[in-house]
Amino acid sequence: MTSSAVNTIRHQCCVVGGGPAGLMLGYLLARAGIDVVVLEKHKDFLRDFRGDTIHPSTLELMKELGVLDEFLQRPHQQLKHFKLKIAGESITIADFSKINAFCQYIAFMPQWDFLDFIADQANKYPSFHLLMECEAVDIIEEDGKVSGVKAKTSSGPLNILADLTIGADGRNSVLRNRAGFNVQNIGAPMDVIWMRVSKKPEYSTEYLGHVGQGSILITLDRGDYWQCAFVIPKGQFEKFKEHGIDYMRQKMVSKMPSLKDSINEIQDWNDCFLLTVTVDRLKKWWRPGFICIGDAAHAMSPIGGVGINLAIQDAVAAANELVPTLEGGKDVESALAKIQKRREFPTKMTQNFQVFVQNRIISNVINESDTESIPFPLRVLQTVTMLQRLPAHVIGLGIRQEHIQTPDIKNVKH
């Protein structure tokens, strides 16, 4: 009888998930001299239809890290006004040019470019380790404490032992389930069909979305193509498929007739990606030796594109607490509780904002096909222009904005 030994490695911190939250936390920890390994189950970051809105709060962090100029050299587009076309009228939802930030705009950048940039910065530090094609499948427990994870790799199973494990593996987190966390499902009335179509020079980039006749079409300017989001009622994707691809194309063209030729490029459902919208959060984010952050702790609605930025704020807050704790040999559990306490309030408030928009605006539009009027909250927003600063602040800077408090070992005198 033979048995194959499982390889085992040890690091001070193990971060599971190479998304925005996981990579940013890994970067900040390594930057402060903490030994950290980040596990990413894919072989690269090239995955389409991921959040690619880089908000002023994240750009502010890039400035604090001293890498903003280098970051903005990457291809991106800038949006200063969040405008929708509703029932033939132009409605400004948010004016980012008035917020208190160095960069008064949202930057649209493919998420793979953003993640590549963060990984490049982190790799400058010897205590940063990134394992690609390494998928965490379970936690390792010792005496009721999480002491690492079990993972599968292309070369076989691998155990990663760590003083602290961070679950940043997204809204379908394996680790939060293995850790036995309770999830509070808040719900959402819609799903989103994502696709990309070519962009012609004559197309207008003034509006981010087109609303009316029972549907919503969001068009994100990606330079040489549109990344389109077609919003449908929750659970109706199969009915759309029964009607045929031409049915959806006609609905999209009714929103933006100038896109007709490009929309006809969508040949079948294989050209589309369904995002099942989920809004939820954990009741408790941590247990001894383990904490969840980002979407693993709180899945966000795509409204406002705030998910990626809220996840990054989590990472900054976590690093601010963990670096002095790990360096000083202090009580880690106390630090984990402080991280949840600090980030739970902005999470709840942001989700409350999203739920209000979902229930009072989006739900009414997508479930009433004959509705052509502007929803009352948006009518007020358009009439009292000063109010446009509120959604601009919530979307652009978030609630309880975080700042870099951790040191850079390259700039620390020994």
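Odds and ends about this structure:
- Rounded to the nearest 20, the Cβ-based charge dipole of the chain about its Cα centre (Lys and Arg +1, Asp and Glu -1) stands at 780 debye.
- Candidate residues Arg343, Arg287, Arg10, Arg196: accessible-area rank, largest first, probe 1.4 Å: Arg10, Arg196, Arg287, Arg343
- Carbon plus sulfur fraction of accessible area for the chain, probe 1.4 Å, in percent: 49 percent
- Note on Lys150: lysines with a C-alpha under 21 Å away, same-chain residues under 8 apart excluded, are Lys41, Lys43.
- Along the axis of the charge dipole computed for the chain (Cβ charges of +1 for Lys and Arg, -1 for Asp and Glu, origin at the Cα centre), the listed residues Phe356, Asn159, Pro56 are led at the positive end by Phe356.
- With Cα atoms, 0 to 90° folded angle of helix 332-357 axis to the chain main axis: 10 degrees
- Residue-normalised accessible area of the chain, given per residue in Å² at a 1.4 Å probe: 44 Å²
- For the pair the stretch 15-38 and the stretch 237-286, the centres of their Cα atoms are 34 angstrom apart.
- Anchor Lys341: lysines whose Cα lies under 22 Å away (excluding residues fewer than 8 positions away in-chain): Lys145, Lys283, Lys284, Lys330
- Beta-bridge orientation, the chain: approximately 70 percent antiparallel, per DSSP, counting only bridges with both partners inside.
- Per the Debye calculation on the chain with a single equal scatterer at every Cα and no solvent contribution, log₁₀ I(q)/I(0) for q = 0.09, 0.12 Å⁻¹ amounts to -0.57, -0.98.
- Exposure rank, largest accessible area first [Glu64, Glu141; 1.4 Å]: Glu141, Glu64
- Compared with the dominant principal axis of the Cα atoms in the chain, helix 20-31 is inclined by about 40°.
- Listed peptides 54-63, 68-77, 237-246 appear in the order 54-63, 68-77, 237-246 once ranked by packing, highest mean of other Cβ atoms within 10 Å at the front.
The values are calculated or read from the model by the stated rules, or taken from the named source; none is laboratory data. Here the structure is a predicted model, which means the values were calculated and not measured. Counting neighbours? That spans all protein chains shown, and the Cβs are built from the backbone with ideal geometry, glycine included. Only protein heavy atoms, including side chains, enter the accessible area calculation; ligands, DNA and RNA are left aside. Shrake-Rupley method; radii C 1.70, N 1.55, O 1.52, S 1.80 Å.
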